[in-house]
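Below you'll find the structure, written out as structure tokens, and then a few comments.
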Amino acid sequence: MNHDLGIGQDTAEFKMLTEGTAPNRITTIQFKNLTDKINTQYLNLEFQIKLYETSNVIEFVYGSFIADGNPVAVFKTATVGLKGNSNEENQLLNVNKTWSRPWENANYQNGNYQDDEAFRFTNRNIPLYGFTYRFSPNTEHDLMVRQVYSLGKTPTPEGNPQTISAIIKNVGRTTISNFNVNLNISGANTFSQDIFISQLLPDKDSLISFNLFFPTELGNNNIAVSVPNDDNNSNNSFNFGQETTDNIFAYADTSAVTTAVGGASGRIYLTKYHLNGTKRIVAVNSYIFAYPSNVGNTVYAVVLDANHNIVASSNVVTISEPMMGKMNRFAINLPPTPTDTDFLLVLRNIPRQRHFIRWTFKKRVRFEKMRIF
């Protein structure tokens, strides 16, 4: 929604077809050979809306999108989702994503968009043919492992012990009682625990923390949190990749980089770690996303103590084309040596008018690494 459509490369088509037999019929509404009318960035686009009888599933299916080839991206926002009788939280289900994020990595949210949220798209980022957003009604009994919190890279023993947490949500229509949440860590290090939850009301979530985890072997760990089988088993587990290292902290998991988050002039994004023992902080490694406007921006790494005082920083660096799409090392001048304390890291941009930089934003947490010796 939010955009007028015009005629594309061929005769525009608007068709509707109902297939199957009651009570399992499917109605398809098809839009074909169209284009976006204002500030056009697609030569041709097509999509379908599919309505499923009885199950009440609704799908948005995207067909062929042909970009106009303009080297200057047109940044647009749209509303994608379902709307009830009002703009209240339980009457809206929206899909949102950044301009750089692939369509398949969008987020779903109940409620209206906030000022900094929308479904954002450009001619440089088109959906895969046949890509589908599916909206399914809540089932009667449905637990979800909504999120797992852990370090993606952790040094041993300086990063021990770890506290792994998870958010469990009841997305079903009825209260669910007396169930276990299981943590199972496999790979270089192993650990397992069950936590009992006596009751979880509909549309409520619970943050749980497992016992302390002490990895000792270097290598990759798979952190898996799961709940029992229910009416919808597709959301019953959450896997998080972790690497036990000898000198690196990081929050992001071990999966590939998928998108980025923008930082306006003077804005900083902090990550906090806790160090057991005494080590020197000698460098911050940060992934700079391959976003054209990043070239020419100036950044530097900063280390803060537990009281948020800046204690060290790197040289100022001007971003160049070869730096984008990969990790970059920012050596710390006069490396600090913390002992048994929290510390914070940031890659900071130098404030100036219209300054904007995009750092990596992976599917779960921001990707910043710290190297210690």
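The values are calculated or read from the model by the stated rules, or taken from the named source; none is laboratory data. Computed from a prediction, not measured in an experiment: that's the story for all the values here. Please note: Cβ atoms are built from the backbone with ideal geometry, for glycine as well, and neighbour counts cover all protein chains shown.
Observations, loosely collected:
- Filter pass, Asn276 being over 28 Å from Pro102 (Cβ atoms) and exposed (fewer than 13 other Cβ atoms within 10 Å of the Cβ): no
- Some residue of the stretch 238-247 being of a type in the set (Val, Ile, Thr), closer than 29 Å to Ala188 by Cβ and at pLDDT 85 or above: yes
- The combined condition, being within 21 Å of Thr77 (Cα to Cα) and either assigned to a loop (DSSP other than H, G, I, E, B) or at pLDDT below 90 (or both), is fulfilled by Asn39.
- Some residue of the stretch 181-189 being in contact with an Asp or Glu (Cβ under 8 Å, 6 or more places away or on another chain), among the β-branched types (Val, Ile, Thr), surrounded by 14 or more Cβ atoms within 10 Å (Cβ to Cβ) and at pLDDT 90 or above: yes
- Residue match in the stretch 91-114 (condition: within 30 Å of Thr28 (Cα to Cα), touching a residue at least 60 places away in the same chain (Cβ under 8 Å) and not assigned by TED's automatic domain parsing to the domain that holds Asn39): no
- Pick from the stretch 223-240, criterion of a type outside the set (A, V, I, L, M) and crowded, with 17+ Cβ neighbours inside 10 Å, ranking: farthest from Phe179 (Cα to Cα): Phe240
- The residues listed here are Asn160, Asn184, Asn138, Asn189; of these, the one that is over 22 Å from the mean Cα position of the chain (by Cα), closer than 30 Å to Phe210 by Cα and part of a strand (DSSP E or B) is Asn184.
- Taking residues in the stretch 225-246 that are within 20 Å of Ser136 (Cβ to Cβ) and in contact (Cβ under 8 Å) with a residue 24 or more places away in the chain, and partners anywhere that are surrounded by fewer than 14 Cβ atoms within 10 Å (Cβ to Cβ) and acidic (Asp, Glu), the pairs with Cβ atoms closer than 7 Å and at least 6 places apart or on different chains are Asp231/Glu140.
- Listed conditions (1) polar (S, T, N, Q); (2) more than 20 Å from Lys76 (Cα to Cα); (3) assigned to a loop (DSSP other than H, G, I, E, B); (4) under 18 Å from the mean Cα position of the chain (by Cα) are all met by Gln114, apart from (2).
- Test: residue in the stretch 127-144 that is under 21 Å from Leu5 (Cβ atoms) and at pLDDT below 85: no
- Residue check, Thr190 free of Cβ contacts under 8 Å to residues at least 12 places away in the same chain, over 30 Å from Leu82 (Cα atoms) and not assigned by TED's automatic domain parsing to the domain that holds Gly277: yes
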